[in-house]
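Just below is one structure, and these are the notes that go with it.
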Amino acid sequence: MHVRGYRRLVWLKVMSTRVRPFIPDRARRLRFLRLIYSVARREGVTPELVLAVIETESDFHRYAVSPVGAQGYMQVMPFWPPLLDLHDVSLFDTRVNLVLGCAILHYYLGTAHGNLPLALQRYFGHADGYVYSGRVLTLLADRWYWR
């Protein structure tokens, strides 16, 4: 096994323990974490940041809907799929939600020139103030950070 594969296995074991309170079923939890890991890496964001965003946004509820209409784990707004020329997709589909959420997060990291608090505020929809980003960054540091 190469180093990257080993790191992924260790990450899955560590994060599985941390996600267990949210997703008790082991098989479902591991499928979810594998998907997060691969999608996040492919979209250029860290899987730990994605976990912190998911906890902040939906508390790991797949069918969460915000008061303003954001949907799914990463609370993606329904205007995003048509904007990206995607039609007939469900934001409650785990893969779709994670791919879009990670791509949007990556986009905002780029527009914020790597300023993570600002990128998170933009993801949330409010560039002023840092209440939301503070919540995400606290969870990232206290629960999801891994090295």
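Checking V14 against (1) surrounded by fewer than 16 Cβ atoms within 10 Å (Cβ to Cβ); (2) within 18 Å of H126 (Cα to Cα); (3) in contact (Cβ under 8 Å) with a residue 60 or more places away in the chain; (4) aliphatic (A, V, I, L, M), which test does it fail?
Looking at each condition in turn, V14 falls short on (2).
I want to confirm something. Restricting to segment 43-73 and keeping residues that are charged (D, E, K, R) and in contact (Cβ under 8 Å) with a residue 60 or more places away in the chain, which single residue is farthest from G114 (Cα to Cα)? Steps first, answer last, please.
To start, the set of residues in segment 43-73 that are charged (D, E, K, R) comprises 43, 48, 55, 57, 59, 62.
If we keep only those that are in contact (Cβ under 8 Å) with a residue 60 or more places away in the chain as well, we get 43, 48, 55.
Numbers: E43: 15, E48: 16, E55: 22 Å.
The residue in question is E55.
Condition check ((1) under 23 Å from L137 (Cβ atoms); (2) at pLDDT 95 or above; (3) part of a helix (DSSP H, G or I)) across all residues:
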site	(1), (2), (3)
W11	yes, no, yes
R18	yes, yes, yes
R28	no, yes, yes
S38	no, yes, yes
V53	yes, yes, yes
T56	yes, yes, yes
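Here is a list: F92, F60. Which entry is in contact with a strand residue (DSSP E or B) (Cβ under 7 Å, 6 or more places away or on another chain), within 25 Å of T17 (Cα to Cα), surrounded by fewer than 20 Cβ atoms within 10 Å (Cβ to Cβ) and not basic (K, R)?
Numbers: F60 fails: in contact with a strand residue (DSSP E or B) (Cβ under 7 Å, 6 or more places away or on another chain).
Criteria check complete, one pass: F92.
Conditions tested, residue by residue: (1) of a type in the set (A, V, I, L, M); (2) touching a Phe, Trp or Tyr at 6+ places or on another chain (Cβ under 7 Å); (3) more than 19 Å from R135 (Cβ to Cβ).
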site	(1), (2), (3)
Y6	no, no, yes
V10	yes, no, yes
R31	no, no, yes
Y37	no, yes, yes
E43	no, no, yes
A64	yes, no, no
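Name, by its number, the condition in (1) assigned to a helix (DSSP H, G or I); (2) buried (at least 20 other Cβ atoms within 10 Å of the Cβ); (3) in contact with a helix residue (DSSP H, G or I) (Cβ under 7 Å, 6 or more places away or on another chain) that does not hold for V45.
All conditions are met except number (1).
The values are calculated or read from the model by the stated rules, or taken from the named source; none is laboratory data. Model, not experiment: these values are computed from the prediction. Counting neighbours? That spans all protein chains shown, and the Cβs are built from the backbone with ideal geometry, glycine included.
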